[in-house]
Amino acid sequence: MRQYFQCGRFGFDLAAKPLVMGILNVTPDSFSDGGRFQSLEFALSRAEEMVSEGVDLIDIGGESSRPGAPGLALDEELRRVMPVLYALRDLGKPLSIDTYKPEVMREAILAGVDMINDINAFRAPGALEAVAGSDCALCVMHMQSTPQTMQQEPVYGDVVREVTDFLRQRVEAMLAIGIERQRICIDPGFGFGKTVEHNYALLRNIGNMQRELGLPALAGVSRKSMIGAVTGKPVEQRLAGSLAGALAAVAQGARIVRVHDVTETVDALTVWQAATIH
């Protein structure tokens, strides 16, 4: 698998160390941080804090994708995310935008965003065209159904095979219109139309998926219900479980972890690397 990852204004050697992507939700209804960073002032403060904690990328989201979340109007999403994106673009770290709307993608690219993280795998009409001519990194995620219905009754014959095949098809569609492989990473979509058993099967196999597709994998398990299901802990008490999930993903081969708790994850990965590098 290639180790160079093109991320807009930045480039990463993924062989050097796994990357920590910090989550910055500017939503009033996020499942885990309850809209604490909704105002511009608080969003800027949290972003600066994440930089001091050692974050590698910052992922800005204006629309909640928690199970059952209603859709958000385009104008409202732009109102939430664009001021934050403009305010943070000179922070010295790559900025990612978490969106599935082509119109938001276009505006974010004009504003200088470095990565687009799409839970819908760039399937919306015009999404691929919106990103094709940029140099942004692109995260392609698997989701069964939609956030409104995805956790009602997720069913697979072979979840690892079906998710891998879906991601392959989406990557092939991207390559077919000229998007460079070095810009693409894959995400199995933990919690997006999966049972607890599905999630852990994917976590155990994330390295195999990465090797089969020849693309770096991003793992986002932080504070999710798959952590609560095995620990019995509510969302505000899932730090230890989330750290274990991040380390498990990296041990399996994932190259990017998307997390709420940056400083703790950076420390855990630093110690893990010190113990595993020969």
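With r defined as the distance between the Cβ atoms of Glu172 and Leu110 and R0 fixed at 22 Å, what FRET efficiency is calculated, to the nearest 0.05? Working from the Cβ atoms, E equals 0.20. Probe radius 1.4 Å, ligands and nucleic acids ignored: give me the carbon and sulfur share of the accessible area of the chain as a rounded percent. Its accessible area is 53 percent carbon and sulfur atoms. Taken about its Cα centre, the chain carries a charge dipole of about 540 debye when Lys and Arg each add +1 at the Cβ and Asp and Glu each add -1 at the Cβ.
In this rough spin-label picture, where each label sits 7 Å from Cα along the Cβ direction, the Val196-Asn208 distance is 2.2 nm. Membrane-span-like helices in the chain (whole DSSP H runs, Cα extent of at least 15 Å along the helix axis, mean Kyte-Doolittle hydropathy of at least -0.5): 40-53, 74-88, 159-176, 239-252, 262-276. Dipole of the chain (Lys/Arg Cβ +1, Asp/Glu Cβ -1, origin at the Cα centre): which of Tyr100, Val84, Val26 lies farthest to the positive side? Highest projection toward the positive end goes to Tyr100. Of the residues Gly54, Pro70, Gln169, the one whose Cα sits farthest toward the positive end of the charge dipole of the chain, with +1 on the Cβ of Lys and Arg and -1 on the Cβ of Asp and Glu, is Gln169.
Counting only DSSP H runs of at least 4 residues, each contributing -39500 (n - 2.57), and dividing by the residue count of the chain, the helix-based mean residue ellipticity at 222 nm comes to -13000 deg cm²/dmol.
With protein chains left intact and a 1.4 Å probe, residues in the chain average 41 Å² of accessible area per residue.
For a test of the definition: using alpha carbon positions, the gyration tensor, and the 1.5 limit on a/c, classify the chain as rounded, prolate or oblate.
Note, shape of the chain comes out rounded.
Summarising the amide proton neighbourhood of Ala219: residues at separation of 5 or more, or on other chains, whose placed amide H is nearer than 5 Å comprise Ile256, Val257, Arg258. Where does the charge balance sit around Val155 when Lys and Arg score +1, Asp and Glu -1, over other residues with C-beta under 11 Å from its C-beta? Value of the local net charge: -1. Our summary gives the chain a relative contact order of 20 percent, counting only alpha carbon pairs under 8 angstrom and 6 or more residues apart.
The values are calculated or read from the model by the stated rules, or taken from the named source; none is laboratory data. Everything numeric in this text was worked out from a predicted model, so none of it was measured. Heads up, the Cβs are rebuilt from the backbone with ideal geometry, glycines too, and the neighbour counts pull from every protein chain shown. All accessible areas refer to the heavy atoms of the entire protein, side chains included, with ligands and DNA or RNA removed. Shrake-Rupley method; radii C 1.70, N 1.55, O 1.52, S 1.80 Å.
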